[in-house]
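The values are calculated or read from the model by the stated rules, or taken from the named source; none is laboratory data. These figures come from a predicted structure and were not determined experimentally. Positions of Cβ are backbone-derived with ideal geometry, glycine not excepted, and every protein chain shown enters the neighbour counts.
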Amino acid sequence: MTRRTLYGWGRTSPSIADVVLANSEEKVAHLFDSSAQVIARGLGRSYGDAAQLSGGVVLDNHELGGIGPIAPNGQVTAGAGVSIDELLQLSIPQGWFVPVTPGTRQVSLGGAFAADVHGKNHHRDGSLAQHVTSLRLVTPTGVFTCSPTENADIFWATAGGMGLTGIITSLTLQLLPITTDQILVDTQRFNSLDTIMDEMSRRDEHYKYSVAWVDCMTKGAHMGRGVLTRGDHATTADVDTPTRTAPRSAALSVPFDAPSGLLNPLTIKAFNELWYRVAPKEKLGQPQSLGTFFHPLDGIGNWNRLYGKRGFVQYQFCVPDSHGDTVVQAIKRLSSSGVPSFLAVLKRFGAGNEGLLSFPSAGWTLALDLPVGPAALPEVLDDLDTMVLEAGGRIYFAKDARLSPDKVAAMYPRLAEFQAMKHRLDPAGQLTSDLARRLRIVGK
Amino acid sequence: MENAFGQPQNVVVLGGTSDIARAVTRKLCAARTHTVVLAGRNQALLDDAAKEAQEYGATKVDTVLFDAQDPSDAARCVSEAFDKVGEKIDLVVIAVGLLGDQLELEVDPIAAARMMTVNITWPVAALTEIRNRLIAQGSGRILVMSSVASIRVRRGSYLYSGAKAGLDRLCEGLADSLIGTGVTLQLLRPGFVRSKMTAGLKDIPFSTGVNEVADNVMRGLASGDRVIYSPPILKYVFGVLRHLPAPLWRKVSDR
């Protein structure tokens, strides 16, 4: 047990906790013997305070390892502490890819399920929980095997439940067969937000993967201009020398905190301009490696240090299709308030799942990286919350570090069901986190 | 819990009826604060400030009485305030202080000693208790109201400025002692602030109102800067003033 300062990927609001390791279900269950408060932590890639607990016990899940053999039908059981990266190192050479991956491979499977992460294929394939066939969950009231058919109510409370229903120790995942390690990518540049959104609405269905990078710093007619990349797995027929090589780890790393203010309106504007200019106007069928396509930022270790000591917040919301104009309004509000934001990620969501606190729901999602510093930022984001709520949308807990607790129940209408289940599994309220306290998701 | 911008939910304000403390409380409540416990020496003023906190968005407010002339009571005051919040504390503001009339005080040993008691001894006793409790919870911030007057003590108010200087320097060390505990301490060094404490004194350059100070506090909570100046330019002004030759300093500081 070591006392450590923990914070999220955005490096705001650190807190101190006793960090413990455990390599078996029995040892995990032991944590609930005392009255200590507990939360599990994976690789610390949630942006805010989801995987920290001031004054409590934080279970670092990385000793919950082990990847079972991949069955002929593509099912594999792995420890909750296994990262998507580790799984891919093993599975890609055997011809299997993960069914869903977020923008980084450096997440633990347990953490990914707890946040019910989504990827570029959400419009077709949904989020991670829809591809998990079974998991083991250690709670203060016992150990459960959960799946969409067994203990389904616990399974769907845990998907997106931010670790508050228990500690996931292992999961069984349905992998996706692939024949090469390449994606055939269509890249198109659009000089306005309307044209991108129009194109995505019309033709995203033709691609397995789709995402757009949007420039939020340009005002006027070109507001929200951006680059749309879509693709599908290449087959052996598509490439001359098919290979199945797993992505390599980061070659470069940011060795220390950049000065706060390195990423300011000027540099961010320049970066966004460059990004837009460098992208081809239209390039179709270009093969890209899995790593380049899915995890571009994994090429630079500790890139969050570029934001300096003050850190940054990521703001991600989703709104139904009928309120696509909320995306336009949000970008307008940001670009007019002078709050700098790095390239925003725009994506279409398919239908949501039964996860009580699962984030994705059909429509649009926009994610923004915002350095902490501008005095107007807290208020601008509060205004965006109101807009999102009025549009029937919500904020993603895994990214959040500043939402007001007053808005949580309205954004997540099944919160009361979640709380009832949580109370059943954890009557003494031992499972909590700084996020859960801040958003009043559970008691103290 | 506080959020990514350092906006707290549970707050204790010692000296909660001062104009600056009230302005800060208003801003905090308008942001994320839902529970505030205000401590002060006058129940009527406390009730008034508590009502205002509610109007600005706090859902739970309470008050604690104390007398800053009695340092032996400081720990009781802090305990009572923490208990009344009943949850983890995100921010403790220490805005306890007395300006006094230097000309009256400097001829009266007992009154001079009282200046030290109120401006430094009581706050240090309270800080000791606060420090222990926040370290135990593994998170929290302390905001201590100092003054730019503490940077270089001037003859016209050596008792007040001197006491603030003591508190300010002590807090610099205290802040360092907290590294690695999850707790942080920030110093607020305002310049001349138009308030009831300074009523009747004439304005000097870089004077501000209390709301401007509160704005700078909100920005300071977000940035985490160890010292928050208000207005921010005073950091540079005093960076120069502190190095003036003494005769020149006396001339400048006498206005």
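Which one is farthest from the other protein chains (Cβ to nearest Cβ), of the residues in region A:376-395 that are under 30 Å from B:Asn216 (Cα atoms), of a type outside the set (Val, Ile, Thr) and in contact with a Ser or Thr (Cβ under 8 Å, 6 or more places away or on another chain)?
A:Met387
Being among the hydrophobic types (A, V, I, L, M, F, W, C) and part of a loop (DSSP other than H, G, I, E, B) is the filter; apply it to region A:20-37 and report the residue that is nearest to A:Thr432 (Cα to Cα).
Only one residue fits best here, namely A:Ala36.
Restrict the check to region A:90-105 and report whether at least one residue is modelled with pLDDT under 95, touching a helix residue (DSSP H, G or I) at 6+ places or on another chain (Cβ under 7 Å) and within 14 Å of another protein chain (Cβ to nearest Cβ).
No; the residues of region A:90-105 include none that is modelled with pLDDT under 95, touching a helix residue (DSSP H, G or I) at 6+ places or on another chain (Cβ under 7 Å) and within 14 Å of another protein chain (Cβ to nearest Cβ).
Consider B:Ala95 carefully, then state whether it is hydrophobic (A, V, I, L, M, F, W, C), buried (at least 23 other Cβ atoms within 10 Å of the Cβ) and over 30 Å from A:Ser433 (Cα atoms).
Judged against the criteria, B:Ala95 is a match.
Could you check region A:344-375 and list, in sequence order, the residues that are small (Gly, Ala, Ser) and more than 14 Å from chain B (Cβ to nearest Cβ)?
Going residue by residue through region A:344-375, those that are small (Gly, Ala, Ser) are A:344, A:350-352, A:355, A:358, A:361-363, A:367, A:373, A:375.
Passing the criteria: A:Ala344, A:Gly350, A:Ala351, A:Gly352, A:Gly355, A:Ser358, A:Ser361, A:Ala362, A:Gly363, A:Ala367.
In region A:206-224, which residues are modelled with pLDDT under 95 and either within 24 Å of the chain's Cα centre (by Cα) or crowded, with 23+ Cβ neighbours inside 10 Å (or both)?
Result: A:Trp213, A:Val214, A:Asp215, A:Cys216, A:Met217, A:Gly224.
So B:Val64 fits all but one of (1) of a type in the set (Val, Ile, Thr); (2) buried (at least 24 other Cβ atoms within 10 Å of the Cβ); (3) away from chain A (no Cβ under 14 Å); what number is the exception?
All conditions are met except number (2).
Out of A:Gly166, A:Gly161, which single residue is in contact (Cβ under 8 Å) with a residue 60 or more places away in the chain and on the phi > 0 side of the Ramachandran plot?
Checking each option against the conditions leaves just A:Gly166.
Hey, any hits in region A:293-303 for a residue that's surrounded by fewer than 16 Cβ atoms within 10 Å (Cβ to Cβ), out of contact with any Gly (no Cβ under 6 Å at 6 or more places or on another chain), of a type in the set (A, V, I, L, M) and closer than 30 Å to A:Gly393 by Cβ?
Yes, the conditions are met somewhere in region A:293-303.
Scan region A:42-77 for residues that are within 12 Å of chain B (Cβ to nearest Cβ), of a type in the set (A, V, I, L, M) and without any contact (Cβ under 8 Å) to a residue 60 or more places away in the chain and report the count.
2
Looking at (1) touching a Lys or Arg at 6+ places or on another chain (Cβ under 6 Å); (2) surrounded by 21 or more Cβ atoms within 10 Å (Cβ to Cβ); (3) over 24 Å from B:Gly180 (Cβ atoms), which one does B:Met145 not meet, given that it meets all the others?
Among (1) touching a Lys or Arg at 6+ places or on another chain (Cβ under 6 Å); (2) surrounded by 21 or more Cβ atoms within 10 Å (Cβ to Cβ); (3) over 24 Å from B:Gly180 (Cβ atoms), B:Met145 violates only (1).
Has region A:238-254 got any residue that is of a type outside the set (Ser, Thr, Tyr), more than 28 Å from A:Val372 (Cβ to Cβ) and touching a Ser or Thr at 6+ places or on another chain (Cβ under 6 Å)?
Checked against the condition, which is being of a type outside the set (Ser, Thr, Tyr), more than 28 Å from A:Val372 (Cβ to Cβ) and touching a Ser or Thr at 6+ places or on another chain (Cβ under 6 Å), region A:238-254 yields at least one hit.
Does A:Leu389 count as under 21 Å from A:Arg348 (Cβ atoms) and either free of Cβ contacts under 8 Å to residues at least 24 places away in the same chain or not aromatic (Phe, Trp, Tyr) (or both)?
yes
Quick one: in region A:7-19, which of the residues that are part of a strand (DSSP E or B) and in contact with a strand residue (DSSP E or B) (Cβ under 6 Å, 6 or more places away or on another chain) is farthest from the other protein chains (Cβ to nearest Cβ)?
A:Val19
Right, B:Arg141: farther than 19 Å from B:Gly239 by Cα, outside any helix (DSSP H, G or I), of a type in the set (D, E, K, R) and modelled with pLDDT of 95 or more or not?
Answer is yes for this residue.
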